[in-house]
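Student: I am attaching a structure below and will ask some questions about it afterwards.
The values are calculated or read from the model by the stated rules, or taken from the named source; none is laboratory data. Just so you know, these numbers come straight off a predicted model, no measurement behind them. Here the Cβ positions follow ideal geometry from the backbone for every residue, glycine too, while neighbour counts run over all protein chains shown. All accessible areas refer to the heavy atoms of the entire protein, side chains included, with ligands and DNA or RNA removed. Shrake-Rupley method; radii C 1.70, N 1.55, O 1.52, S 1.80 Å.
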Amino acid sequence: MREGALLQSSIGDYRLVNFVGAGGMGEVYRAVHSKLDRVVAIKVLSSSSHVEGNNERFINEARLHARLYHPQIATLFEFIESGSHKCIVMEYVDGQTLDALIRLSGSINCTEALRIFEAVVEAIGYVHEHSIVHRDIKPHNIKITANGMVKL
């Protein structure tokens, strides 16, 4: 399946309106709930990822994520299986990734870098307190909202 192939389709009550990006196990879309008008991010396990253990890893990721409630971590709302699609529905964080911010500005001043670092460390500490190891911490997985909130 090509990137963004599900764009403008529906999964459950959600309409996929924008392709956000792709990762190792799937694609992420910005979606809107048809009845509630809630904007969310939906991570869809890609059909090519339905190999040895990826289904179980994806479901386990959702199960672990569902245990976490922290201001610096995007909230998981639900797990959906719709047809052949397994999906994690979570808070949509409007903003830019730390990766994009660095690419655009070339650098971040020390005070801002320390503020972002402190927020990420706080989120990772919370994750570790729940006996979870985040295995994909990178600037691409850290978002900074327009009002400066940092989200993992």
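Student: In the range 77-124, how many are without any contact (Cβ under 8 Å) to a residue 12 or more places away in the chain, open to solvent by less than 50 Å² (accessible area, probe 1.4 Å) and under 29 Å from residue 38 (Cβ atoms)?
Tutor: The qualifying residues number 1.
Student: Here's something else I'd like to know. Taking the stated definitions as given, is residue 35 within 14 Å of the chain's Cα centre (by Cα), of a type in the set (Lys, Arg) and modelled with pLDDT of 90 or more?
Tutor: no
Student: Among the residues of the range 109-152, which ones are more than 27 Å from residue 66 (Cα to Cα) and either of a type in the set (Phe, Trp, Tyr) or assigned to a loop (DSSP other than H, G, I, E, B) (or both)?
Tutor: 109
Student: Give the residues of the range 56-108 that are within 14 Å of the chain's Cα centre (by Cα), under 21 Å from residue 121 (Cβ atoms) and in a helix (DSSP H, G or I), sorted by residue number.
Tutor: If the condition is that a residue be within 14 Å of the chain's Cα centre (by Cα), under 21 Å from residue 121 (Cβ atoms) and in a helix (DSSP H, G or I), then 64, 65, 98 are the ones that fit.
Student: Counting just the residues of the range 1-42 that are within 13 Å of residue 85 (Cα to Cα) and not in a strand (DSSP E or B), which one comes out most open to solvent (accessible area, probe 1.4 Å)?
Tutor: For the range 1-42, the residue satisfying everything is 1.
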